[in-house]
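Here is the structure we will look at.
Every number in this text was worked out from the coordinates using simple rules, so none of it is lab data. It should be emphasised that the depicted structure is a prediction, and the values quoted were computed from it without experimental measurement. Ideal geometry is used to build each Cβ from the backbone, glycine not excepted, and the neighbour counts take in all protein chains shown.
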Amino acid sequence: MNLNFFTKKNIKINKIFPDINFKKNFIINDVKPLYLAKKDDLTFFDSIKYKSDISKTKALVCITTNKLKNFIPNQIQTVIVKNVLFELALIIKKIYPNADIDYPDLSLNNPNKKNYKHVKFGNNVLIGKNVKIGKNTIIGSNTIIEHNVKIGNNCVIGSKNIIKNSLIGDRVVFQDGCKIGQKGFGFIPINGKNIKFPHIGIVDIKDDVEIASGCTIDRGSVDNTIIGKNTYLDNQVHVAHNVKIGSNCMIAGQVGFAGSARIGNNVSIGGQAGISGHLNIGNNVKIAGGSGVIKDVDDNQVIMGYPAILFKDFIKNWKKNDE
């Protein structure tokens with residue numbers, strides 16, 4: 001379903017890069033990360049961590065640095081820049097002029113019961129334009145659902161939630177006081193000033209997810225933020241932009257995920273643990289409460305501590321220090 005989340009301009013490539021001679025003056029369809037980019041999309045390659053994605057991308061144009069240019073396949077037009085994220089921000093602003101700020105939705109109004117015959121609403125609910133809510137869904141009092149949001153069937157949305165820029169599956173439960181789909185914490189320091197990074201991604205919550213009270217889930221910047229099927233988030237969990245959490249995960253209270261972390265399936269994380277940005281956490285991983293994860297974790301590992309190490313090594317070191 002196309003909910004037309006963001007206003008987009010069609011811009012030809014020579015308007016974006018006037019100093020580069022392209023064989024064809026085509027229109028850029030969109031800006032996408034390497035693994036999602038398709039024909040006529042522009043992508044970016046700013047870290048060796050994404051080397052495996054660059055060989056598979058279908059993008060037509062890629063911006064990168066002089067240091068990384070040799071990894072890019074010959075069929076992709078390469079644009080060399082000094083600061084990939086800064087140039088990417090400028091490009092996104094040209095294609096999506098209003099992506100800098102999540103402006104308040106001034107179209108909010110009381111729900112028209114004719115449009116939502118099979119939905120139950122509490123008191124003081126406000127709904128924006130082009131909002132789709134499935135059958136047998138319950139929306140609690142004082143909840144705000146901004147324009148261009150889809151909520152599936154048989155969902156329970158508690159009181160005092162704010163939802164924007166989101167696709168929500170079936171049988172999803174939000175407890176009270178969650179903030180879903182707001183702009184993430186994206187800034188680029190340039191010449192002593194922090195430049196806002198525009199956000200054009202959404203939050204994509206799959207079926208049978210439960211989000212407990214007080215959680216915040218940021219929309220994606222260029223990519224989407226995704227919560228996989230049957231995953232449970234406890235109270236006050238923070239999920240930053242572009243984070244991917246797999247299916248059947250159990251996340252305890254006050255866990256924080258930094259931007260672009262990727263979490264596998266069947267992962268369990270104890271309370272107050274922190275996951276650094278751009279990390280890959282494998283399937284079936286268990287992370288003890290209070291841990292600080294600062295490097296990738298392979299499948300089936302149990303880790304603990306700060307910085308987090310294998311649980312057996314943590315216990316061994318603990319016993320040694322206790323002697």
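Distant-in-sequence amide contacts of GLY289, defined by a placed amide H-H separation under 5 Å and a gap of 5 or more residues or a different chain, comprise GLY270, GLY271. Sequence-distant contacts, meaning Cα pairs under 8 Å at least 6 residues apart, place the relative contact order of the chain at 8 percent. With the cut-off at 1.5 for a/c, could you classify the stretch 183-323 from its C-alpha gyration tensor as rounded, prolate or oblate? Judged from the Cα gyration tensor, the stretch 183-323 comes out oblate (a/c at least 1.5, b/c at or above a/b). Take each peptide in 270-282, 214-226, 70-82, count the other Cβ atoms within 10 Å of every residue, and average; sorted highest first, the result is 214-226, 270-282, 70-82.
Under 5 Å from the amide H of PHE187 lie the amide H atoms of PHE197, each residue being 5 or more positions distant or on a separate chain, with H modelled from the backbone and absent for Pro and chain starts. Per-residue ellipticity at 222 nm computed for the chain from its helices equals -2500 deg cm²/dmol, with DSSP H segments shorter than 4 residues left out and the rest contributing -39,500 (n - 2.57). One chain, two ends: LYS9 and ASN142. Fully extended at 0.36 nm per residue, the span grows by 44.4 nm beyond their Cα-Cα distance. Amide H contacts of ASN242 (H built 1.01 Å from N, in plane; Pro and chain starts excluded): GLY220, SER221, THR225, SER260 sit under 5 Å, all sequence-distant by 5 or more or on other chains.
Look at the alpha carbon pairs under 8 Å that are at least 6 residues apart: their mean separation over the length of the stretch 11-95 gives a relative contact order of 23 percent.
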